[in-house]
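Note sheet for the following structure.
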Amino acid sequence: MSEKNVTLSLKGCVQGSMLCLPVFPGIIALGAVFGTVAAQKGLTFLETLMINSMVYAGASQFVAMEIYKDPLNWGTLIAMVGVAGAINMRMLLIGASLRPWLGRVPAYQAYPGLFFLTDINWLLALAQYDKGERDWGIYLGSGMTVWAVWSLSVIPGYFAGSLISDPKTFGLDVILPAFFAALLVPLWKGRRQTVSWLAAGGVAALTWYLVGGYWSIFTGAIAGAVAGAYLDD
Amino acid sequence: MTDAAFSADRMFVLVVLGMAGITYMLRAGGYWVMGRLPITPRVRRGLEALPGAIIVSTVLPIVLQGGIAVALCIVVAAAVQVRMKKEYLAVFFAAAAAAGLRAAGL
């Protein structure tokens with residue numbers, strides 16, 4: 001198999017931005033809800049912008065806000081940081097699976113680029129890589145776009161209270177899982193995927209029932225990867 | 001807008017730096033480690049299986065939590081994707097299905 005060089009172009013970045021358009025409503029709704037939660041918890045506007053744009057990992061931000069208490073002490077600080085580590089553990093695996101794609105990008109570009117790593121642009125980039133795309137602007141452009149939309153979406157939520165009183169009424173809460181499911185479809189190629197996904201699903205469901213929380217993403221993903229690695233066809 | 005809106009508690013800044021730091025280490029860490037491990041055929045197969053496994057493990061607990069309505073929406077999304085191969089249509093129909101199911105009280 002001949003390997004094309006990995007490149008970076010503005011065209012690729014724009015294409016990456018366009019690819020994440022379908023998830024904008026889901027991101028905006030979630031970001032606005034985070035802004036509302038942050039306002040209710042008594043964060044200042046600046047504090048809200050900081051946590052939202054610098055941590056840039058939705059689920060961990062919400063759980064951290066559950067733990068947050070004013071005034072902060074060292075115990076709360078450690079709990080909030082620990083929760084971010086636990087919930088975002090899957091980023092290790094997501095980043096690992098990008099190695100074949102971004103491995104030939106110079107480190108001084110790849111490591112800053114990894115700040116924008118999130119489930120959405122990771123998945124988009126992998127789907128395009130599968131189709132033979134080698135312009136990593138797909139990854140970077142979609143990552144920066146999602147980050148910008150996420151960063152701005154918190155503002156109306158912070159000031160207007162809940163603009164969307166219940167995202168569920170409009171089905172906005174299923175946008176992200178539906179997007180993931182849609183991107184899963186072309187990844188299926190045969191028996192290897194069937195076995196790997198069953199292993200992942202079984203372990204994830206079991207972990208969810210026993211432990212709850214976000215650990216199931218990590219345990220299920222490892223189980224699926226191990227099953228895929230040891231299945232010789 | 002008042003000055004208070006643009007103030008930040010020192011402890012809170014530390015929390016944000018801590019959370020952002022650990023999250024960035026996780027974002028960059030997996031990528032970094034994989035650059036230092038020999039990529040044997042077995043490791044490569046494991047890496048290739050990882051994306052699907054992560055998606056399944058992410059979506060399944062959401063379905064288990066969300067119940068029958070969310071499960072149906074995910075089925076709609078997958079079915080639309082199989083037929084039409086357009087992510088935005090899959091997302092649109094899934095959200096429409098969710099709104100409809102909830103309006104129906106499911």
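The values are calculated or read from the model by the stated rules, or taken from the named source; none is laboratory data. Owing to the predicted nature of the structure, the values given are computational and were not obtained by experimental measurement. We place every Cβ from the backbone using ideal geometry, glycine too, and count neighbours over all the protein chains shown. Side chains are part of the model used for accessible areas, which takes the heavy atoms of the whole protein and leaves out ligands, DNA and RNA. Shrake-Rupley method; radii C 1.70, N 1.55, O 1.52, S 1.80 Å.
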Quick check: is even one residue across segment A:77-96 charged (D, E, K, R), at negative phi and assigned to a helix (DSSP H, G or I)? yes
Options B:V91, B:V56, B:V75; residue that is more than 7 Å from every other protein chain (Cβ to nearest Cβ) and not charged (D, E, K, R): B:V75
Residues that are open to solvent by less than 20 Å² (accessible area, probe 1.4 Å), out of contact with any His (no Cβ under 9 Å at 6 or more places or on another chain) and of a type in the set (D, E, K, R): does segment A:82-103 have at least one? no
Segment A:77-90 residues that are more than 7 Å from chain B (Cβ to nearest Cβ), paired with ones that are assigned to a loop (DSSP other than H, G, I, E, B) and surrounded by 18 or more Cβ atoms within 10 Å (Cβ to Cβ) (beta carbon under 8 Å, 6 or more apart): A:A86/A:Y214; A:I87/A:A57; A:I87/A:Y214
Just checking, does segment A:36-46 include any residue being touching a residue at least 40 places away in the same chain (Cβ under 8 Å), within 11 Å of chain B (Cβ to nearest Cβ) and either open to solvent by 10 Å² or more (accessible area, probe 1.4 Å) or assigned to a loop (DSSP other than H, G, I, E, B) (or both)? yes
Which residues, taken from segment B:24-57, are part of a helix (DSSP H, G or I), more than 22 Å from A:A200 (Cα to Cα) and hydrophobic (A, V, I, L, M, F, W, C)? B:M25, B:A28, B:W32, B:V33
Among (1) under 21 Å from A:G58 (Cα atoms); (2) open to solvent by less than 20 Å² (accessible area, probe 1.4 Å); (3) over 18 Å from the mean Cα position of the chain (by Cα); (4) of a type in the set (A, V, I, L, M), there is one condition B:A28 misses while meeting the rest; what is its number? (3)
Could you tell me whether A:E66 is surrounded by fewer than 21 Cβ atoms within 10 Å (Cβ to Cβ) and in a helix (DSSP H, G or I)? yes
Could you list, in sequence order, all residues of segment A:185-208 that are over 18 Å from B:I74 (Cα atoms) and within 8 Å of another protein chain (Cβ to nearest Cβ)? A:R192, A:Q193, A:S196, A:A199, A:V203, A:W208
Taking segment B:59-72, which residues are within 7 Å of another protein chain (Cβ to nearest Cβ) and either outside any helix (DSSP H, G or I) or open to solvent by 30 Å² or more (accessible area, probe 1.4 Å) (or both)? B:L60, B:I62, B:L64
Look through B:M19, B:M25 and report the one residue that is more than 8 Å from chain A (Cβ to nearest Cβ) and within 21 Å of A:L117 (Cβ to Cβ). B:M25
Is it the case that some residue within segment B:79-102 is crowded, with 20+ Cβ neighbours inside 10 Å, assigned to a helix (DSSP H, G or I), at negative phi and hydroxyl-bearing (S, T, Y)? no
